[in-house]
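The values are calculated or read from the model by the stated rules, or taken from the named source; none is laboratory data. Predicted model, so just to flag it, every value in this text is computed and none were measured. Ideal geometry is used to build each Cβ from the backbone, glycine not excepted, and the neighbour counts take in all protein chains shown. Areas reflect the complete protein model, heavy atoms only, side chains present, ligands, DNA and RNA absent. Shrake-Rupley method; radii C 1.70, N 1.55, O 1.52, S 1.80 Å.
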Amino acid sequence: MRILVTGGAGFIGSHIVDQLIDHRWDVTVIDNLSTGLKSNLNKKARFIPMDIRSTQVLELFRESCFDYVIHQAAQTMVPRSLKEPLYDCDVNILGTVTILEACRLTGVKKIIFASSAAVYGDAVAVPINEGAMTCPSSFYGLSKLVIEKYLPLYYQQFGLEYAALRYANVYGERQGDAGEGGVISIFIRQICAKRPVEIFGDGGQTRDFIYVGDIAAANVAAVTATSPEGLYNIGTQTETSINELITIMGKITGQDVEVRYCPARQGDIYRSALDHSAAVSLLGWQTKTRLYEGLERTYLSLV
Ligand SMILES: NC(=O)c1ccc[n+]([C@@H]2O[C@H](COP(=O)([O-])OP(=O)(O)OC[C@H]3O[C@@H](n4cnc5c(N)ncnc54)[C@H](O)[C@@H]3O)[C@@H](O)[C@H]2O)c1
């Protein structure tokens, strides 16, 4: 089976590639290395430096006859989407439609799309299930929601099967500081440098932190799932406040962590945790890594 991972040099994409290679898939990666790193790339994958918006995308699909596509490449920064909505739209909407078109024109069987809990905005009831109202508070969240609307139409009109995975806040080895879940690597670096940890808001805001290996496993499960289409929350179903996170990190690093509270950021949601029962029952997927264990691994990879 031939599979393409866009953004496979990035944090999550590179872990997906590793798991696919472990499953002995034939893996190709395209990535423009805007935030991804060559050093993240699995040597057993074929790497093609390419922008998802490029006209060469269709040529590559024609030559390679991919069976499946796992689409991770994106502009991933919420604040950047508010400062540069045009760039966010260009990469996350037009770039993704470029990939969808290449899938359609070359008979790809299924696409797995990296969506986000950011589509929900400030949810009223937590944990949030897939039927909850979507009300993104950033252009990043909106761009993910727009693609979620394209997918069923591509399925209805052209038979392109899909799964959209709404990730919670992902953390783990190889994480950069800039994306959605980047808060953990930022905190670890600040703690290691014995600098005060900067928290935007009062620290009572909660997130659903999920280990990257569990996210990669959800993508692998979605490829082989028998359901032709679906929308799945991929999270732990647990809320952890930023203040709680700091306490755990203090234990892992063995340090007294000094905290500096800064004004809350525009577009940030207050509470988040995802109901993952659909993914458990329909994808046969489960979270395996507990927060303490995942944070410890992340810490050890950074020191
Ligand atoms: N990290 C999280 O907590 C989180 C949460 C929800 C959703 N997501 C989604 O998961 C996916 C992966 O995110 P990540 O955290 O690994 O971020 P990342 O920045 O590490 O990975 C994105 C990859 O895409 C590549 N890329 C960006 N623009 C590109 C373009 N125009 N053409 C080709 N490649 C391009 C980057 O170089 C990078 O390797 C994204 O779609 C993101 O929106 C992430």
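Give me the Kirkwood hydrodynamic radius of the chain in Å, from all C-alpha pairs, to one decimal place? Write out the running numbers ahead of the final one.
Details: mean 1/r = 0.0516 Å⁻¹.
After inverting the mean inverse Cα-Cα distance, the result is 19.4 Å.
With the contact rule set at Cα under 8 Å and sequence spacing of 6 or more, what percent relative contact order holds for the stretch 148-198? Intermediate results must be reported in sequence, preceding the final value.
Values: 27 pairs, mean separation 9.3, N = 51.
Relative contact order for the stretch 148-198 comes out at 18 percent.
How much accessible surface area, in Å² rounded to 10, belongs to the heavy atoms of ASP67 with a 1.4 Å probe?
50
Output the relative contact order of the stretch 59-176, whole-number percent, from Cα pairs under 8 angstrom with separation of 6+ residues.
Working: 156 pairs, mean separation 38.1, N = 118.
Over the stretch 59-176, the number comes to 32 percent.
Quick check: the distance between the Cα centres of the stretch 4-63 and the stretch 119-166, to the nearest angstrom?
Rounded to whole Å, the Cα centres lie 24 Å apart.
I'd like the FRET efficiency for ASP22 and ASP256, computed as 1/(1 + (r/R0)^6) with the beta carbon distance as r and R0 of 30 Å, rounded to 0.05. Present the calculation step by step, with values, prior to reporting the outcome.
Working: r = 40 Å, r/R0 = 1.33.
Efficiency, rounded to the nearest 0.05: 0.15.
LYS288 versus VAL303, label points 7 Å from Cα toward the beta carbon: distance in nm?
Between LYS288 and VAL303, the simple spin-label model gives 2.5 nm.
Please identify which residues in the stretch 142-183 have an amide N closer than 17 Å to a label point set 7 Å out from the Cα of GLU198, following the Cα→Cβ vector.
177-183
Would you mind getting me the FRET efficiency between LEU94 and SER241? Use the beta-carbon distance for r and R0 = 41 Å, nearest 0.05. Intermediate values should be presented prior to the final figure.
Details: r = 37 Å, r/R0 = 0.90.
Efficiency at R0 = 41 Å is approximately 0.65.
Between THR226 and SER54, what length in nm is gained on full extension when 0.36 nm per residue of separation is reduced by their alpha carbon distance? Kindly include the intermediate steps, with their values, before the conclusion.
Numbers: separation 172, 0.36 × 172 = 61.92 nm, distance 3.17 nm.
Here the answer is 58.7 nm.
I'd like the FRET efficiency for ARG265 and ARG104, computed as 1/(1 + (r/R0)^6) with the beta carbon distance as r and R0 of 30 Å, rounded to 0.05.
The computed FRET efficiency comes out at 0.20.
Quick one: plug the Kirkwood hydrodynamic radius of the stretch 151-303 (C-alpha pairs) into Stokes-Einstein at 25 °C, 0.890 mPa s, and report D in µm²/s. Present the calculation step by step, with values, prior to reporting the outcome.
Values: Rh = 16.7 Å.
The diffusion coefficient I find is 147 µm²/s.
Give the ranking of LEU302, LEU94 by solvent-accessible surface, highest area first, calculated with a 1.4 Å probe.
On the way: LEU302 60, LEU94 100 Å².
Accessible-area ranking of LEU302, LEU94, largest first: LEU94, LEU302.
Please report the relative contact order for the chain, taking Cα pairs under 8 Å with a sequence separation of at least 6, and give it as a percent rounded to a whole number. Display every interim value, and only then the final one.
Numbers: 631 pairs, mean separation 56.6, N = 303.
Normalised by residue count, the contact order of the chain is 19 percent.
Starting from the Cα of ILE186, move 7 Å in the Cα-to-Cβ direction to define the label point; list residues of the stretch 257-285 whose amide nitrogen is under 17 Å from there.
Counting only backbone N, you get 258-272.
Roughly how many nanometres apart are two label points built 7 Å out from the Cα toward the Cβ at GLU84 and MET1?
The two pseudo-label positions are separated by 3.6 nm.
Restricting the count to DSSP beta bridges whose residues both fall in the chain, what percent are antiparallel, rounded to a multiple of 5? Could you put the intermediate results ahead of the total?
Details: 2 of 40 bridges.
In the chain, approximately 5 percent of DSSP beta bridges are antiparallel ones.
For helix 139-158, report the angle its Cα long axis makes with the longest principal axis of the Cα atoms of the chain; keep it between 0 and 90° and round to the nearest 10°.
Tilt of helix 139-158: around 30 degrees.
Provide the net charge surrounding LYS110, with neighbours chosen by a C-beta distance below 10 Å and charges set as Lys +1, Arg +1, Asp -1, Glu -1.
Working: positive: LYS109; negative: ASP67, GLU161, GLU229.
Here the count lands on -2.
Could you let me know the centre-to-centre spacing of the stretch 225-243 and the stretch 76-100, using Cα atoms, in angstrom?
So the separation of the two Cα centres works out to 22 Å.
Calculate, in nm to one decimal, what LEU33 and ASN129 gain on full extension: separation in residues at 0.36 nm each, minus their alpha carbon distance.
On the way: separation 96, 0.36 × 96 = 34.56 nm, distance 3.36 nm.
Roughly 31.2 nm would be gained on extension.
Using the Cβ atoms and a cut-off under 9 Å, what net charge is assigned to the surroundings of GLU161, where Lys and Arg are +1 and Asp and Glu are -1? The partial results should precede the final answer.
Working: positive: LYS109, LYS110; negative: GLU229.
So the surrounding residues net to +1.
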